[in-house]
Amino acid sequence: MPRSDEAEAFFFAVYSAVREIPYGKVTTYGHIAKLVGTPQRPRQVGICLKHLPEDPDVRYNHDNVPWQRVINSKGIISPRSQPSGARNQAAALQAEGVEVTTGALGELSVDFAEFGWFPEILPSEEGEGTPNGED
DNA sequence: GTATTGACGATGT
DNA sequence: CACATCGCCAATA
């Protein structure tokens, strides 16, 4: 649980944005950060997913948030402390039909040209307002 | 209470 | 193109 209410709002915003990623598609932490209005904090997006609760009782949990569809800007699954985790994420993506290629160094990369999700700034994402207001 | 790390990204060298 | 540094800030030690 986040330390402050403001941080909690950030967590929810991130989870909400991640849920918008369509099945079989992927996006980056930086992109999510932009969507929630804080492009300077891609790391915190990672923190949100890292602390994504597994309890199905919680509003956003490991079951209803497609955390697996979030990768880094380099187009590869971010290698974290536990290698199994990244490998697990790769498996989850492959289960959605996403082709994950393993590099010589064990890098699990996803072809963004094929599976990348490049949406416009989604309106009413978390209640911030329309990006261009109205054209 | 302070120090270090980390599921990132942009810049600088 | 590879590696180093800064910013960002919550979580952990």
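The values are calculated or read from the model by the stated rules, or taken from the named source; none is laboratory data. Every value quoted in this text rests on a predicted model; they were computed, and no experiment measured them. The protein model used for the area step is the full one, side chains on, heavy atoms only, and it has no ligands, DNA or RNA in it. Shrake-Rupley method; radii C 1.70, N 1.55, O 1.52, S 1.80 Å.
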**Message:** Give me the extension gain from A:HIS62 to A:ARG43: residue separation times 0.36 nm, minus the current Cα-Cα distance, reported in nm with one decimal.
**Reply:** 5.0 nm
**Request:** Go through A:GLU20, A:GLU96 and list them by solvent-accessible area, largest first, probe radius 1.4 Å.
**Result:** A:GLU20, A:GLU96
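Just to confirm, what accessible area per residue do you get for chain A at 1.4 Å probe, in whole Å²? Mind dumping the intermediate values first?
Numbers: 8340 Å² over 135 residues.
Averaged over the residues of chain A, the accessible area is 62 Å².
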**Prompt:** Relative to the longest principal Cα axis of chain A, at what angle does helix A:5-19 sit, 0 to 90 degrees, rounded to 10?
**Reply:** 50
**Message:** Using all alpha carbons of chain A, what is the percent of pairwise distances in each 10 Å bin, ordered from the shortest bin to the longest?
**Reply:** 12, 43, 34, 10, 1
**Message:** Need one number: convex hull volume per residue for region A:1-58, Cα atoms only, in Å³.
**Reply:** 88
**Fill in**
With every protein chain kept in place and a 1.4 Å probe, the residues A:ILE47, A:ILE32 fall, from largest accessible area down, as A:ILE47, A:ILE32
